[in-house]
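Heads up: the structure comes next, in structure tokens.
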Amino acid sequence: MSDLSVNIVGPRMKNPLMLASGILDETGESMLMAVKKGAGAVVTKSVGLEANEGHRNPTAFEIGDGLGLLNAMGLPNPGINDYEREVKIALTGGVPVIGSVFGRDGKDFSYLAGKMEDYGASAVELNLSCPHAKGVGMDIGADPEEVGIIVSAVSSAVSIPVFAKLTPNVPNIADIALSAVKAGAEGVVAINTLKGMIISPETGLPVLGNRLGGLSGPAILPVGVRSVFEIKQRFMKEEVNAVIIGVGGISSAHDALQYIMAGADALQIGSVMRWKGAAVFGEIASGISDFMDREGYSTIKDMVGIAQEAKK
Amino acid sequence: MKHSEGLKGTDIVEIEKVQRETHDTVSLYFTHHDDAKTGQFYMVWIPGLDEVPMSISAIEEDGRRSVTVKDVGEATHALCTMKAGEQIGIRGPFGKGYTLVGKRVLLVGGGSGMASLIVAAREYARVGKDVTLCIGARTKEDLLFGEQAGIKVEVSTDDGSAGFHGFVTDLAERLLNEDDYDMIVTCGPEIMMKKMLDIASAREIKYEASLERLMKCGIGVCDACAIGGYRVCKGGPVFPDTILLKIDEFGERRRDAAGRVVKL
């Protein structure tokens, strides 16, 4: 019988599937819903120092028929002081809660991560990758040196594991991943959304209120799998032992297995809930379990990174 | 042909007719080929300005649709001042609409909630159900959809300038005392809808309500319109009594644009 549990964020997770940051996680009650449907852990909405309303609508829409979502929410959040309530409610679900935070520098990030630790988060995820907010997210997360400085500051400020969420909108994501773990991160989360835009020809205007947005969903799966593969390859080459959490376009067990075999120790699920709802957690978990039973794998670890050894 | 979202983000349609309903409310008519159901909504894009959720206030078989807009802010003001021939973007229809169950139905609407409720009233009447539409407004001038062919309409106003002088919930209770109903459907200010829920459950009458929350994505992913673990845009906007009785924030609290909890 296959064992889906993984141990990467402190408390053991019953399965490797986390609710991804930014989807159905602004409120504690919604995070609880994902837990009830089978999520092994939940990541909060990215929270900053102050309440932020985000960008003006349109902020998100579906493109193609289930192809993906384009969004420019603009990091809406109630501010860290008002967020304790949501974390506490999410914690009643009995699975690890990972606090996602965003700031401008090491000082902001350290303060926010400390608050998340106080609220009971098992780990923190640093949003160094949102593609549509000024002065934060990928504005600072595209530079390996800057990422190292921020991660280093946070790692010395908190005692829970620190994960850096990375942007794919860079020439070499593995450079940034390496910089993050060398600065003390427990691991990295890859990938955030791809920069994108949709224009309405009839009006001659970009549709999103912020004009520029981030693409997520099934369309970006190959980009995420490639990114995780490159990061794992670099970690192996540099003999770095760090966690990789794969995210981007996962909508089935088949997609999840691709990430695991590229090198991901755990996975995050987000946009697919537009089409399948939170029930997708249970569907993917049992799909992975069936695959493992069929193919003779007993733990998730047995499959992590096996595509790395394939002959070219 | 059915509109498809394609890689467009939003469907651009031309406004065919603008109909003034009250001093501050207009209906915009356009054509959008879709399978819209009673109680669903569109995300309406005012190009370059904003996008707002709007109940679908008319659904015709030939694809004619309308949204009914009350001038309350920048985006709705822009919509209210639009003219035939101008363009808007349409996403949707989204959400779960009215169940349209019940044989003797009391519909209770307040203010701009009538934009959603009117379609349910017309549909109940069309299939031959016994419908009473109870409309609350501030004054006679604010009364929306007060004259509807084939539907019994009862009116209340806050200032007594038309119909019953007082709360629409008091008028509804009076009607419930006079006649038997097996379904209550409501859309309007949430405190009014909460009062109707209390009345309905005390009398053991089935109930559903169409809720309003600040909406962003409209497709159930961003959590802006969250209420008690549900999303109004996807789980709603119409919710049954069985769910609403379990949500303690219904009629009490909502979220602002930043996700902070605020009292209604």
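Read-outs: derived from the displayed coordinates by stated rules, not from any lab. Note that the structure is a prediction, hence the values are computed from the model and not measured. Backbone-built Cβ (ideal geometry, glycine too); neighbour counts: all protein chains shown.
I need to check one value: relative contact order of the stretch B:151-264, counting alpha carbon pairs closer than 8 Å and at least 6 residues apart, in percent.
For the stretch B:151-264, the relative contact order is 18 percent.
Between the stretch A:114-149 and the stretch B:1-63, how many Å separate their Cα centres?
39
Summarise the partner chain shielding of A:62-68 as one whole number: the mean count of Cβ atoms from other chains within 10 Å of each residue's Cβ.
4
For the stretch A:1-138, what does the relative contact order come out to in percent, with C-alpha contacts under 8 Å and a separation of six or more?
23
Kindly provide the trypsin sites (Lys or Arg not before Pro) of the stretch A:168-260 that DSSP labels as loop, not H, G, I, E or B, and whose Cβ sees at most 16 other Cβ atoms within 10 Å.
A:Arg211
Give the cross-link partners of A:Lys14 among the aspartates and glutamates, using a straight C-alpha distance below 18 Å as the criterion and excluding same-chain residues fewer than 8 apart.
Reachable aspartates and glutamates: A:Asp3, A:Asp265, A:Glu283, A:Asp290, A:Asp293, A:Asp302.
For a test of the definition: using alpha carbon positions, the gyration tensor, and the 1.5 limit on a/c, classify chain A as rounded, prolate or oblate.
Working: a/c = 1.26, a/b = 1.16, b/c = 1.09.
Judged from the Cα gyration tensor, chain A comes out rounded (a/c under 1.5).
Listed here are the pairs A:Lys195/A:Lys276; A:Lys195/B:Lys96; B:Lys70/B:Lys263; B:Lys37/B:Lys216; which of them are more than 27 Å apart at the Cα? Don't skip to the answer; put the middle values down first.
Details: A:Lys195/A:Lys276 24 Å; A:Lys195/B:Lys96 32 Å; B:Lys70/B:Lys263 23 Å; B:Lys37/B:Lys216 21 Å.
Pairs exceeding 27 Å: A:Lys195/B:Lys96.
Can you give the mean number of other chain Cβ atoms that lie within 10 Å of the Cβ atoms in peptide A:22-34? Each step should come with its number before you reach the end.
Working: counts 3, 5, 8, 3, 9, 11, 2, 8, 7, 2, 1, 6, 1.
Counting Cβ atoms of other protein chains within 10 Å of each residue's Cβ and averaging gives 5.
Averaging sequence separations of C-alpha pairs under 8 Å and six or more residues apart, then dividing by the length of chain A, give the relative contact order as a whole percent. The partial results should precede the final answer.
Numbers: 760 pairs, mean separation 58.6, N = 312.
Relative contact order of chain A: 19 percent.
How crowded by other chains is B:251-260, given as the mean number of beta carbons from other chains within 10 Å of each beta carbon? Display every interim value, and only then the final one.
Working: counts 0, 0, 0, 0, 4, 4, 8, 12, 15, 8.
The per-residue average across the peptide is 5.
For a quick check: with amide H placed at 1.01 Å from N, whose amide H comes under 5 Å from A:Leu205's, ignoring anything fewer than 5 positions away on the same chain?
Amide H to amide H, under 5 Å and 5 or more residues apart or across chains, A:Leu205 pairs with A:Ser200.
Could you give me the ³J(HN,Hα) list for the stretch A:57-69, computed from phi with Karplus coefficients 6.51, -1.76, 1.60 and θ = phi - 60°, whole Hz, x at Gly and Pro?
3J(HN,Hα) across the stretch A:57-69, in whole Hz: 5, x, 10, 7, 7, 7, 10, x, 9, x, 6, x, 10.
Averaging over all projection directions, find the projected area of the Cα convex hull of the stretch A:157-246 and quote it in nm² with one decimal place.
7.6
Going highest first, how would you order B:66-73, B:31-38 by mean Cβ packing within 10 Å?
Highest-to-lowest ranking by the protection proxy: B:66-73, B:31-38.
Please compute the modelled spin-label separation between A:Leu205 and B:Val72, points set 7 Å along Cα→Cβ, answer in nm with one decimal.
About 2.2 nm separates the two model spin labels.
What is the Cα centroid distance between the stretch A:291-311 and the stretch A:33-100, reported in whole angstrom?
31
Which cross-chain or sequence-distant (5 or more) residues have an amide H under 5 Å from the amide H of B:Ser161, H modelled 1.01 Å from N in plane?
Distant-sequence amide H within range of B:Ser161: B:Lys140.
Please report the net charge: other residues with Cβ closer than 15 Å to the Cβ of A:Val154, K and R +1, D and E -1.
Within the 15 Å Cβ shell, the charges total -2.
From the helices alone, meaning DSSP H stretches of at least four residues, give me the mean residue ellipticity at 222 nm for the protein assembly as shown, per-run term -39500 (n - 2.57), in deg cm²/dmol to the nearest 500.
It lands at -8000 deg cm²/dmol.
Give me a comma-separated list of calculated 3J(HN,Hα) values for the stretch A:35-52, in order, Karplus coefficients 6.51, -1.76, 1.60 applied at θ = phi - 60°, integers in Hz, x for any Gly or Pro.
For the stretch A:35-52, the Karplus-derived couplings read 5, 4, 8, x, 5, x, 6, 10, 10, 6, 4, 6, 10, x, 5, 10, 4, 9 Hz, x marking Gly and Pro.
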